[in-house]
Amino acid sequence: MVDFVSLGKGLKTAYEIARSAKDVNDQAKLNTAIADIMEQLTSAQFSLFEMQQHQELIDENRQLKDQLERAARFDKYQLQQTSTGDYVLVLKDEFAVDGTPKHVICPVCKEDERLAVMTEDGHWYRCSSCKYVAGKKKLPPPRRRTGPMVV
């Protein structure tokens, strides 16, 4: 990890060398002072580069943790095919506790990383977010007339 104190000291040393070099009349001493300044500035530049890389790693780590947390929300659900052949994500039994009712979420919204609970009625699951509809039960066959047809 980058040491901010040593970075500050290195820059301060480079500044002090530059200040003292302004009064030097001997070319050899001046060249030595310039070399020292360059060494200190190179060291400071390297430290700043390390800090930037460290910060990028921290940011990437934070992003990956966020992705894992978003994905973990869906680990509580299991893909299930309804009797009509459609698909929904059903809350696993072990998670339907402590005030969390058994429910289903939309598989279409899951692909967009949204957790959308679907409403249920007698024959359908409906997503209010994306309007996906999944059949819950097969509809009963239509009633047939048994009497004579009136024209």
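The values are calculated or read from the model by the stated rules, or taken from the named source; none is laboratory data. If you're wondering where the values come from, they're calculated on a predicted model, not measured in any experiment. In this analysis, Cβ positions are derived from the backbone assuming ideal geometry, glycine residues included, and neighbour counts consider all displayed protein chains. What goes into the accessible areas is simple: the full protein's heavy atoms, side chains included, and nothing from ligands, DNA or RNA. Shrake-Rupley method; radii C 1.70, N 1.55, O 1.52, S 1.80 Å.
Brief remarks on what is shown
- Subset tally (residues that are open to solvent by less than 60 Å² (accessible area, probe 1.4 Å) and part of a loop (DSSP other than H, G, I, E, B)) for the stretch 101-117: 3
- Qualifying residue in the stretch 53-76 (condition: under 30 Å from Ile17 (Cα atoms), open to solvent by 70 Å² or more (accessible area, probe 1.4 Å) and either part of a loop (DSSP other than H, G, I, E, B) or of a type outside the set (Phe, Trp, Tyr) (or both)): yes
- Criterion: modelled with pLDDT of 90 or more and open to solvent by 80 Å² or more (accessible area, probe 1.4 Å) - qualifying residue of Leu79, Leu91: Leu79
- Looking only at the stretch 33-48, and only at residues there that are without any contact (Cβ under 8 Å) to a residue 24 or more places away in the chain and open to solvent by less than 100 Å² (accessible area, probe 1.4 Å), the one that is farthest from Ser20 (Cα to Cα): Thr42
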